[in-house]
Amino acid sequence: MAELIRLDNISKSFGEQEVLDELSLTVYENEFVTLLGPSGCGKTTTLRIIGGFETPDKGRVYFDGQDITDLPPNQRHLNTVFQNYALFPHMNVGENIAFGLKVSGKSDQYIKDKVKYALNLVNLKGFENRQITELSGGQQQRIAMARAIVNEPRVLLLDEPLGALDLKLRQEMQYELVRLKKELGITFIYVTHDQEEALTMSDKVVVMNNGYIQQEGTPEQIYNEPENAFVADFIGDSNIVPGRMIKDKLVEIKGTEFPCIDGSAEGFEPGQPVDVVIRPEDIEIRPYGEGLFNGEIISKIFIGVHYEMLVKSEKGNFEWLLQNYDEHHVGQKIGMYVRPENIQIMKKPEFDDEKAMELDL
Amino acid sequence: MKKALSSIYIIIIMLFLYLPIFALMVLSFNEAKSMAVFTGFSLNWYVELFNSRLIMYAVVNTFTIAIISATVATIIGTAAVVGLDAMRPKTQNVILAANNIPMLNADIVTGISLMLFFLILRVPQGYMTILFAHITFSIPYVVLSVRPRMNRKTDRLFEAAMDLGASRKYAFRKVVLPELRPGILSGFLLAFTMSVDDFIITYFTKGAGINTISTIIYSQVKIGIRPSLFALSTIIFVVAFVALLIVNIKSKKQEVELVL
Ligand SMILES: Nc1ncnc2c1ncn2[C@@H]1O[C@H](COP(=O)(O)OP(=O)(O)OP(=O)(O)O)[C@@H](O)[C@H]1O
Ligand SMILES: [Mg+2]
């Protein structure tokens, strides 16, 4: 795949506050890239730098190999779907969509056809003469999409485009977006703080915190092999436990030894303290005494398809989070087993932004 | 009982507000020059009004000054708001505070200081000095009414237009200006009314030999006010009343359209 956009060591501060610190990122042609991170981590700022609405203090932005850092937004071959859509309120739907085409001096017939095509594409056939104020949130969202894509940009920037919609509509629109992207064959750079959205839609997920990229990779890599506690924690419910390497491919956690698949080859030396991530669905329940370690179920709730349980281990007195399709009872003593490939070993955090987020319950 | 009381209360308030104006209107059609007794219907005072060059000049002065000063103040004030938007928040706050002071300042202080200013610079006082003074005191009101329209949303719309390939000029004309329009309109109307209404500042900056409606009424009060001024006041009131009515009916209609 050919490189399309490259951010090279971008730094940006607002006054005293450093928002991005030497951020580098490459986006390839036809990729669906998602910037994922908690509120205030610099996602919008990154997108605005790509769009040309913000100039970085340091670093360069390349588009198709050309340095576009100092190019104003109206000379960049990309379009944006803004966080609150930013539709022009005094123009109707057709005029909104036609805006970019008019500016570039297209013929009236071309504009008319193109507007029609775009409305078809977003399933709002015949909406040309509607007023913006008459549209629902979901419809406004689609018009914002249509307005951006009629210009045939090579890259579409989307800043939490589904953030204002309710859950059901949001899921519907996720499918729509993926379909649109396939139909158009263009690059999407997508911003969200919703991890589920990021994992289901993207080719590549870029997890950010405090203006740093914590990890970038496919959704599977991000979910299964988080590189630090922050990523593991942000991507989903996890057991994040301190441990220590005993020897190659053997780790000790809370007094129990677990075979694993990481070791010296990955840079984990015997005796080294590490963090270990075990997903709650990866802890298998066995009869008492037949697993790697034993515990007692101390709470249980049913959440839709499966049960979520807290189990206090006999050794180490640690409360493990478990998910299981079968029902077990509070007070029941069980054995637990984890497959070696489901034990994810991570380096201890060196910086604050790599730590798991403090839960404010 | 409670309902009756509240109706009576409203009627009393209305009487206090409108009875004096009603009295003035009735007296403007009076035959005699009396300020107390109505002796019979006549249009004498209206005839005198339109034949009085002094009053007619004052009327023309008042409204030309109001229109020109409101227009100039609207342009300057709107430009100021646009410029402010590009500044850092701290600078904006300082300038906005400076903008608010003249509005809180007593008219008499503004009037006297403008007069001194013209005297020191040896500017001959007359039409132009009144105009200048009115532009000066109107600008803050325009800034105050346009400024709220220049918000984050407007910034985003401007960016969206740029994103779609528009030049800064085109984006401003097509997207930002329509957003500001309601603020600009109310700023203009505010400036216009402030100018028509003003007496004190006009009085100190007008010099001899020129009058506006307010200053001519004041000068006539000293020698005995003539009912032709009642006639003038009646006309002004009726015009303002009708204009207000039209505006209200129009916005009612728009509301209805929005609901449908
Ligand atoms: N124009 C600005 N002036 C001052 N500070 C700003 C400006 N824009 C952003 N910031 C600050 O920069 C930080 C990062 O902002 P950014 O909008 O990039 O976050 P984000 O990741 O998009 O968050 P969210 O998910 O809430 O949209 C925030 O702390 C914000 O307060
Ligand atoms: Mg944001």
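Read-outs throughout are calculated quantities, based only on the coordinates presented, and are distinct from any laboratory measurement. Here the structure is a predicted model, which means the values were calculated and not measured. Every residue, glycine as well, gets a Cβ built from its backbone with ideal geometry; the counts of neighbours run over all protein chains shown.
On average, how many beta carbons from a partner chain sit within 10 Å of the beta carbon of a residue in A:91-99?
Numbers: counts 3, 0, 0, 0, 1, 2, 1, 1, 10.
Counting Cβ atoms of other protein chains within 10 Å of each residue's Cβ and averaging gives 2.
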Chain A: calculated mean residue ellipticity at 222 nm from DSSP helix runs of at least 4, using -39500 (n - 2.57): -7000 deg cm²/dmol
GNM result for chain A, Cα springs below 10 Å: residue of A:SER13, A:SER202, A:SER104 fluctuating most strongly: A:SER104
Distance between region B:77-131 and region A:54-103 - C-alpha centres, whole angstrom: 38 Å
Fraction of antiparallel bridges per DSSP, the protein assembly as shown only, in percent to nearest 5: 75 percent
Inter-part distance where region A:135-183 and region A:228-285 are each reduced to a Cα centre, Å: 39 Å
Separation of alpha-carbon centers, region B:149-186 and region A:197-225, rounded to whole Å: 36 Å
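Within region A:1-120, what is the number of lysine pairs with alpha carbons under 26 Å apart, leaving out pairs fewer than eight places apart on the same chain? Show your work: numbers first, answer last.
Values: A:LYS12/A:LYS43; A:LYS12/A:LYS58; A:LYS43/A:LYS58; A:LYS102/A:LYS112; A:LYS102/A:LYS114; A:LYS102/A:LYS116; A:LYS106/A:LYS114; A:LYS106/A:LYS116.
For region A:1-120, the number of qualifying lysine pairs is 8.
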Under Karplus coefficients 6.51, -1.76 and 1.60, residue-wise ³J(HN,Hα) of region A:244-254 in Hz, glycine/proline x: 8, 6, 8, 8, 3, 6, 9, 10, 9, 10, 6
Cα-based helix-to-principal-axis angle, A:108-121 vs chain A, degrees rounded to 10: 20 degrees
All aspartates and glutamates inside 15 Å of A:LYS254 as judged from Cα atoms, apart from same-chain residues fewer than 8 positions distant: A:ASP275, A:GLU314, A:GLU319
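What value does chain B have for Rg/Rh, both radii from Cα atoms and Rh as Kirkwood defines it? Walk me through the intermediate numbers first.
Numbers: Rg = 23.0 Å, Rh = 21.7 Å.
My calculation puts Rg/Rh at 1.06.
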Charge context of A:PRO270, other residues only, Cβ under 11 angstrom, K/R +1, D/E -1: 0
Partners for B:LYS3 among lysines (Cα-Cα distance below 28 Å; same-chain residues under 8 apart left out): B:LYS252
Charge dipole (the protein assembly as shown, unit charges on Cβ, about Cα centre) - positive-most of A:VAL81, A:ASN210, B:THR129: B:THR129
22 Å Cα-Cα reach of A:LYS300 towards lysines, excluding residues that sit fewer than 8 places from it in its own chain: A:LYS312, A:LYS315, A:LYS333
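With a/c under 1.5 counting as rounded, go ahead and sort the protein assembly as shown into rounded, prolate or oblate using the C-alpha gyration tensor (a ≥ b ≥ c being the square roots of the eigenvalues; past the cut-off, prolate if a/b is larger than b/c, else oblate).
Details: a/c = 2.78, a/b = 2.47, b/c = 1.13.
Cα axes put the protein assembly as shown in the prolate bin.
For A:TYR28 and A:ILE298 in one chain, what is 0.36 nm times their gap in residues minus the Cα-Cα distance, to one decimal in nm?
So the extension gain works out to 92.4 nm.
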